[in-house]
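Since the structure comes first, as structure tokens, the remarks are kept for the end.
Each value in this text was obtained by applying a stated rule to the coordinates, not by laboratory testing. Please read these numbers as outputs of a predicted model, since none were measured by experiment. Every residue, glycine as well, gets a Cβ built from its backbone with ideal geometry; the counts of neighbours run over all protein chains shown.
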Amino acid sequence: MTTYAERTSRTIPYADSVASTLFTKIINGEIPGTFVYRDELCVAFMTISPITTGHLLVVPIKEVDQWTDLPQALNEHLFNVAKIIGQAAKRAFDCERIALVIAGYEIPHCHLHVIPSNSMADLEFANARTNVDRKELEQAADRIIVELRRADIAGAAATTGTSSSL
């Protein structure tokens, strides 16, 4: 079975190197990211195309395309971190539920969407916003960070902003 990057690179010669490393570039600070959490195995940062305010991604540091290919220990860790961050986001945004979605078509690097939600309508990726002001992402991240710190979660970001703040 070919990966998304392999299929895409047939039509866009540079796509494999661009698409497969986008999250790694964010993790490494080469591209700005608005982080709320980091540990030795994963990070969590705000998506630049949120469906709802507070929509973020939990991403393994190790590049793995599909979540079904994750080593078991890393899979368990990602879901545990998503749960912890989801609990903080639920308190931060006073929403009915926190949705957890794994799609994986956008970037061939596994990522878990953690989405504050009050209805199924909040889960329409077609409604994702574009061109969101960085300040808005930072404000949403701050609310989550406050709740992570209240729960004394190791790995919570000290401040919002680029990856250099972690």
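Note down the net charge around ALA128, summing +1 for each Lys or Arg and -1 for each Asp or Glu among other residues with Cβ under 13 Å from its Cβ.
The answer is -2.
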Legend entry - Two-site label geometry, MET120 and THR24: point separation in nm, points 7 Å out along Cα→Cβ: 3.9
Legend entry - Shape of the range 38-166, Cα gyration tensor, a/c cut at 1.5: rounded
Legend entry - In the range 31-125, GluC sites (Glu not before Pro) in a DSSP loop with at most 13 other beta-carbon atoms within 10 Å: GLU40, GLU96, GLU124
Legend entry - Cβ-defined net charge surrounding VAL59, 15 Å radius [Lys, Arg +1; Asp, Glu -1]: -4
Legend entry - Distance (nanometres) between label positions extended 7 Å along Cα→Cβ at ILE31 and ARG150: 3.3
Inset, instruction - Extending each Cα 7 Å along its Cβ direction at GLU106 and GLU136, get the distance between those two points in nm, one decimal. - result: 1.4
Inset, instruction - Taking a cut-off of 18 Å between Cα atoms, list the aspartates and glutamates near LYS25, but don't count ones fewer than 8 places away on the same chain. - result: ASP16, ASP39, GLU40, GLU63, ASP65, GLU106
Legend entry - At most 11 other Cβ within 10 Å, DSSP loop - chymotrypsin sites (Phe, Trp or Tyr not before Pro), the range 78-118: TYR105
Inset, instruction - Treating cross-link reach as a plain straight distance, find the lysines whose alpha-carbon is under 21 Å from the alpha-carbon of LYS83, omitting any fewer than eight places away in the same chain. - result: LYS62
